[in-house]
Amino acid sequence: MASKETKQRGRPRSFDRETALEQAMRSFWEQGYEATSISDLTRTMGIGAPSLYAAFGDKRALFDEVVAAYGRLHGGFIDRAVAEEPTARQGVGRALREAAVEYTLPGRPRGCLVISAALNTTPASAEVAASLREMRRSNIGQIESRIRADIVSGELPADTDASALAHYVGAVIQGMSQQARDGADRAMLADIAALAMRAWPETAEAGEGEEAAEEAGETRGDPAADGGAPHPRRATLAHPAP
């Protein structure tokens, strides 16, 4: 008669895998991929090298799993903001505001792991660097797609350079990550986000309204309206008219 009890094969795992993965994430996030050694990982994760290899595979496989977990837990706010808001401008504005918060949260490393984990690598880590670079490009591509949709709908001027504007947003996000790692606080990053959005192209309707207001002497930029020097008009990332 067969026994109802099933014997467990191998030694039972003596650590919590998710907790160990979070600790590995912290190491890679703080130090970068290449600077993080197996001994660093085993010390941080509280396990021996045999247990690490058995549970996660080699260092590269562990890092890939860390990046996937990072995306689920911490890094998906940009994609969500751009996808959920009704316009590219609102989506990007929300993403930048949330980046100011996410990149400076207490109790975890600063900045973005995908941006900073493989900035300086040797040829041995070229595949890791390429993988993270492709993730960053994918984020920019998503932003560019939303911008192009707004151009088609008339939300943005027809001459808006969608690629340049999307890459501009990517540069701001990457810069905010590095600023956070250099010690910038949430308020400073929020100010950067607000200033960055001043470069967003205006709709044709908004431009016409501003011109009409200027003619009536009612804009901030008119010295007669506020008693000060004229304000520069908002910069736009658009091609000049032919």
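The values are calculated or read from the model by the stated rules, or taken from the named source; none is laboratory data. It should be emphasised that the depicted structure is a prediction, and the values quoted were computed from it without experimental measurement. Ligands, DNA and RNA are excluded from the accessible area calculation, which covers all protein heavy atoms including side chains. Shrake-Rupley method; radii C 1.70, N 1.55, O 1.52, S 1.80 Å.
Compactness ratio of segment 118-171: Cα Rg over 2.2 N^0.38 Å, N = residue count?
1.47
What figure in square angstrom, to the nearest 10, would you give for the accessible area of GLU65 with a 1.4 Å probe?
For GLU65, the solvent-accessible surface is approximately 60 Å².
Work out Dmax and Rg for segment 41-153 from the C-alpha atoms and quote the Rg first, both in angstrom.
Computed over the Cα atoms of segment 41-153, radius of gyration and Dmax are 17.0, 57 Å.
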